[in-house]
Every structure is written in structure tokens, then in C-alpha cells.
Amino acid sequence: MTVPARRAVAAPEPVRLSILLWLTAIAAGALEALVYLLGAEPPTPPQLAARFTIYAVLAALVLCLRTGRNAARWAVAVLLGGIGTVSLVSEPVTWLLAGGAPAEFLAAAEVPTLIGAGLRVAHVVAVLTALVLMFRPAANAWFRRR
């Protein structure tokens, strides 16, 4: 007697797009780390190794969203959407609160710094959009069924 195989149910569009955006955010973070190799204070090899290990683990966690497990969704939401977002915006917000002037920054910044800042902005936008998509009604229903 054989047990019938479970049919895989494809994730709804908001979940698929969310996964793509989470992976885009991770890629933006990795590119930002590489761009800073060209800057005045490049990251050290151990710093890069730690970052890329974290990125690999987070990418694996994001890919777990395809299983439809709600625990994976909440882990991604808390780790990337919560803690990750705070780590991305805390430095610029602190700088602004201390009187930093964006126009002066842009005028004085070198090309690697500007590219890194652009990647940071893309990273934050991808994270916030992915987070919203992961909790759209179709996504909620799909994760609830799984």
C-alpha cells in the first residue's frame, strides 16, 4: 500500500514577489559590503566573512518561505524586517539627529560612498516592500493553510 504524495501548492504571487525582494535586499547588502572595499576604511576579511555567512543563512531562511511554514514567515519578519531594518537605519538616523547635513554629505562623498548609500536605500525599500507583501491577504491565507 502506497501513501499518496502531497501535491505541492505554489505560493501566491505576493509570497513569490516577497521572496524575490528579500533576496534582492540580501544581494544589495552583499554588494554594499563589496563596494566599501574601495572606500577609505574597507572591511577586514573577518568582517566580510561574518557578513557573508549571515547573508547565506538569511537567504536560506528566506527560501524556507516557499514551504508555507508560518514560523519561517515570522522568523524572516523579525530577523530581516525588524532587527535588520533597525541595523540599516540606525547609523543614518543617528547621524541626522546629531546634525548631519545630507546636502553636505552628498557634495563631499566619494563615489564608493554614494554607491553604498544608494544600495542601502535600495536595500531598505526592498525589505519594507517584501515585509508588506508577506502579510497581504493572499499570503496570510496561504500561510494559514500550510
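Just so you know, all these numbers are worked out from the coordinates, no wet-lab data involved. Small disclaimer: the values here were computed from a predicted structure and weren't measured. Here the Cβ is made from the backbone with ideal geometry for all residues, glycine too, and neighbour counts use every protein chain on show.
Counting only alpha carbon atoms, the long axis of helix 85-97 and the longest principal axis of the chain meet at about 30°. For the stretch 1-85, trypsin sites (Lys or Arg not before Pro) are listed when DSSP marks them as loop and at most 11 other Cβ atoms sit within 10 Å of their Cβ; the list is 6, 7. Compute the Cα gyration tensor for the stretch 50-118, then decide on rounded, prolate or oblate, letting a ≥ b ≥ c be the square roots of its eigenvalues: rounded whenever a/c is under 1.5, prolate when a/b is larger than b/c in the other cases, and oblate in all that remain. Prolate, because a/c is 1.5 or more and a/b exceeds b/c. For the pair residue 56 and residue 27, label points projected 7 Å from Cα toward Cβ lie 1.9 nm apart. In percent, rounded to a whole number, the relative contact order of the chain is 48, using alpha-carbon pairs under 8 Å and six or more apart. Whole-percent P(r), the chain, all Cα pairs, 10 Å bins from 0: 11, 35, 28, 17, 7, 2, 1, 0.
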